[in-house]
Amino acid sequence: MSMSRRPSEQQGEFWVPTADLPQSPGHVFYDKLNGLLADAGFDRHVEELCRPFYADEVGRPSIAPGIYYRMLLVGYFEGIDSQRGIAWRCADSLSLRSFLGVPLGESTPDHSSLTRIRDRLSFEIHEEVFVFVLKLAHERKLLRGKTVAVDATTLEANAAMRNIVRKESGEDYKAYLKRLLAEEGVENPTDEDARRFDRTRKKKTSNEEWESASDPESQITKMKDGRTHLGYKAEHAVDLDSGLLLSVEVLPATASDPSTLADRLMDAELKLKAAGSDQTVDEAVADKGYHKAETLSLLEDLETRTYIPEPQGRKYRRSDHPEEHRRAAKANRRRMREDRGKRLQKRRSELAERSFAHLCETGGARRTWLRGKEKINKRYLVQAAGYNLNLLMRALFGVGKPRVLQGSDGVAGCCAAKLGDMRRWMASIAARIGRGMKRWWAAAVGTLAWRLAPVSGFSTGC
């Protein structure tokens, strides 16, 4: 066999037959996800939702809404935070082209197309996509919604602290320092004088006086790593039975936790109803940052039991709070001392923190490259829908993310899906046989899965 050489840069062939174009075997995860969305009629559903935002057969056909939402889902599953990165990844991968449904003779949408489509479609359309995934979970008996956990985290905004300006005058931080020096009698202060003066004074960069020139809706806050930065607050409502996200919203960074708890629970109940479930939110679980007597009383009036730990040293004097507030705080304290309250807090720590890890850390949402709360909310809703699809795919096929199959070929991925089907089939048989046999079957299936994993070179977890 003779050695071939890489051709030098020269003009390629003018015509290439379609049969000679490279073909992708596809990715087993994206193939399964495409099959799930196709069976549910996802593309027809979003096209009907987006029809009012486009003209009727006038001008050039637009990018299909199904392609737009699939590209945002790719950003979540691949952990890509920017639209430029999503567009490059989709253009570079043949398997993602197959997932999007873009032929080889056409180019995939670029980042500017994603921006125009996002600005064209309303927030309610993105919310309908989130509800659509909840409907899929409800149809497969995965959605519960009786016990809901609420938690929040901070997101880094696409704005720098050095670009903040005074609200009343519009001057930046450096000009503000020089003006203070001039008022103290320093003539023609230099930048070095301003920096030296700034180190000796108490820093007062409050949100009442300062705002970002590029993103006025972002607010100064302390991030999880201790840095002071412009950011937002992302709040999740998680179903503690299934781990599904029932409600997500990006709020101002300074919004207090107790003031948003009732709204998040009510929105979760509306999402449950929109998904076709008759379940109401009966129990609310949160950390001690959400503890406030007024909020506890409000949730008690809404017939929702609370399991929120009380901060140490907090006392409710009879003169400070009405009787109903103190009664609600006392009932919440009693429930937290019971075993169920402790179990729910452990469950909240597991599932609520897991949702932030998947969306913000591995899903590319911790640092946003968009500006404006509405734009960020649109992107975050689709990422939350991707998280719910992750749980749905893991329940149906045993694999929740494409990176689980990294290093495995398509045959091994199919074996992983088949193994998940076999485990569910054997578990259903065990449930019919009886509780005693169920333990024996579960042990047998677990041993079989453990034995097959090293041979096929894949893992069925996610």
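Read-outs: derived from the displayed coordinates by stated rules, not from any lab. Quantities reported herein were computed from a predicted structural model and do not represent experimental measurements. When we count neighbours, we look across all protein chains shown, and the Cβ atoms used for this are built from the backbone with ideal geometry, even at glycine.
Could you sort out which of K292/K330; K135/K373; K292/K346 sit more than 18 Å apart by Cα distance in this structure?
K135/K373; K292/K346
Compare the peptides 377-386, 320-329 by average per-residue count of other Cβ atoms within 10 angstrom and give them in order, highest first.
The most tightly packed comes first, giving 377-386, 320-329.
Hey, could you pull the Cα Rg and Dmax for the stretch 23-121, both in Å?
Rg then Dmax for the stretch 23-121, in Å: 13.5, 38.
Give the Rg (one decimal place) followed by the Dmax (whole number) of the stretch 161-213, computed from C-alpha coordinates and expressed in Å.
That works out to 11.0, 30 Å for Rg and Dmax.
Residue by residue through the stretch 297-310, what is 3J(HN,Hα) from phi via Karplus (6.51 cos²θ - 1.76 cosθ + 1.60, θ = phi - 60°)? Round to whole Hz and write x for glycine and proline.
Whole-Hz 3J(HN,Hα) from phi for the stretch 297-310: 5, 5, 5, 5, 5, 7, 6, 10, 6, 10, 10, 10, x, 8.
Amide H to amide H, which residues 5 or more places from K233 or on other chains are under 5 Å from it, using H placed in the peptide plane?
Here the answer is L155, L251, A253, since their amide H atoms fall under 5 Å of that of K233.
Counting other beta carbons within 10 Å of each residue's own, what order do K32, K271, K330 fall into, fewest first?
K330, K32, K271
From the backbone phi of the stretch 243-258, what are the Karplus-calculated ³J(HN,Hα) couplings (6.51 cos²θ - 1.76 cosθ + 1.60, θ = phi - 60°) in whole Hz, Gly and Pro given as x?
Couplings: x, 6, 7, 9, 7, 9, 7, 9, 10, x, 5, 8, 5, 6, 5, x Hz.
Amide H neighbours of L246 under 5 Å, at least 5 residues apart or on other chains, H built in the peptide plane: list them.
Under 5 Å from the amide H of L246 lie the amide H atoms of A237, V238, D239, each far enough along the sequence or on another chain.
Can you put I376, I80, I308, I63 in order of Cβ neighbours within 10 angstrom, beginning with the fewest?
Ascending Cβ contact count within 10 Å gives the list I63, I80, I376, I308.
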